[in-house]
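Before any comments, here is the structure.
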Amino acid sequence: DGIGVAHRFARYNANWIDITLGNFYEQFGNGLVLRAYEERGLGYDNAIDGALVRIKPTLGISIKGLIGKQRHYWDRGDGVVRGIDAEITINDFFTKLNDSKNRITLGGSFVSKYQHDKDPLLALPENVGTTAARVNFTHGTFSINSEYAFKGQDPGSDNNYIYKKGQAFLFNTNYATKGMGLMVQY
């Protein structure tokens, strides 16, 4: 419903820094704590309107930080989303490992959503934090990717206003060879 400019942004990109102001999509790790994306077939678009900064201060380290509000149809949601994500590729720090068939990447994320409590009956938390840690190991055509996330209390209409903390665990393993591929996900 409605007509408008769906996406607008300005971007600056140099060797070690990338800054986006306006609308953008982003994902931290596997997307357990933050995934802003569009799926036109489902009519889903939760782009973030704000600021995104990506830096690579040295080989093997990448850091992303963002702040903004998520799209809610043609408007923006009430909550302010803030997050930081960091990834370290261990191989890039050790010459011996850099030439290896093995590749190890460690990562972590923290995301918080601040939204003013307007509910007259319930005391809803105004700032909800989520954190995650992940590891990715690759050896030739075999890989393991795992991530664990923990979320503070976030009662709302979609979970019947329960005051429980949440957690999630994701585990992927893949193997590929000529003519065959195998993937197991938990």
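Details
- Couplings 3J(HN,Hα) of segment 7-16, computed from phi: 9, 8, 6, 10, 9, 10, 9, 10, 4, 10 Hz, in residue order, whole Hz [Karplus 6.51 cos²θ - 1.76 cosθ + 1.60, θ = phi - 60°; x for Gly and Pro].
- Residue among GLY65, GLY22, HIS116 farthest towards the positive dipole end of the chain, charges placed on Cβ: GLY65
- With one equal scatterer per alpha carbon and no solvent term, the Debye-computed log10 I(q)/I(0) for the chain at 0.08, 0.20 1/Å reads -0.34, -1.41.
- C-alpha center-to-center spacing [segment 75-94, segment 106-141] in angstrom: 11 Å
- Within the chain, longest stretch free of exposed trypsin sites (Lys or Arg not before Pro) [DSSP loop, at most 13 other beta carbons within 10 Å]: 9-100
- Global form of segment 18-112, assessed from the alpha-carbon gyration tensor, a/c cut-off 1.5: prolate
- When the solvent-accessible area of segment 114-181 is split by element, carbon and sulfur atoms take up 58 percent of it, the probe being 1.4 Å.
- Ligands, DNA and RNA are left out, and with a 1.4 angstrom probe the accessible area of the chain is 66 Å² per residue.
- Of the residues ASN160, SER143, ALA132, the one whose Cα sits farthest toward the positive end of the charge dipole of segment 118-168, with +1 on the Cβ of Lys and Arg and -1 on the Cβ of Asp and Glu, is SER143.
- GNM result for the chain, Cα springs below 10 Å: residue of ASN172, ASN91, ASN159 fluctuating most strongly: ASN159
- Placing +1 on the Cβ of every Lys and Arg and -1 on the Cβ of every Asp and Glu, with no other charges, gives segment 117-186 a dipole of roughly 360 debye about its Cα centre.
- Dipole magnitude (debye, nearest 20) for the chain, charges at Cβ of Lys, Arg, Asp, Glu: 560 debye
- Within the same chain, lysines fewer than 8 places from LYS69 are excluded, and of the rest, those with a Cα less than 22 Å from its Cα are LYS113, LYS118, LYS151.
- When the chain is treated as a GNM with alpha-carbon contacts under 10 Å, the residue of ASP45, ASP18, ASP158 showing the greatest mean-square fluctuation is ASP158.
- Applying 1/(1 + (r/R0)^6) with r as the Cβ-Cβ distance of TYR114 and ILE90 and R0 = 35 angstrom yields a FRET efficiency of 0.55.
- Length-normalised contact order for the chain - Cα pairs under 8 Å, 6+ apart - percent: 13 percent
- Sequence-ordered 3J(HN,Hα) estimates for segment 109-121 from the Karplus curve with 6.51, -1.76 and 1.60 and θ = phi - 60° stand at 9, 9, 9, 10, 10, 9, 8, 4, 7, 9, 6, x, 9 Hz, glycine and proline given as x.
The values are calculated or read from the model by the stated rules, or taken from the named source; none is laboratory data. All figures in this text were calculated on a predicted structure; none of them were measured in a lab. Cβ coordinates were reconstructed from backbone atoms using ideal geometry, including for glycine residues, and neighbour counts include every protein chain displayed. Accessible surface is based on the protein model in full, side chains and every heavy atom, while ligands, DNA and RNA are left aside. Shrake-Rupley method; radii C 1.70, N 1.55, O 1.52, S 1.80 Å.
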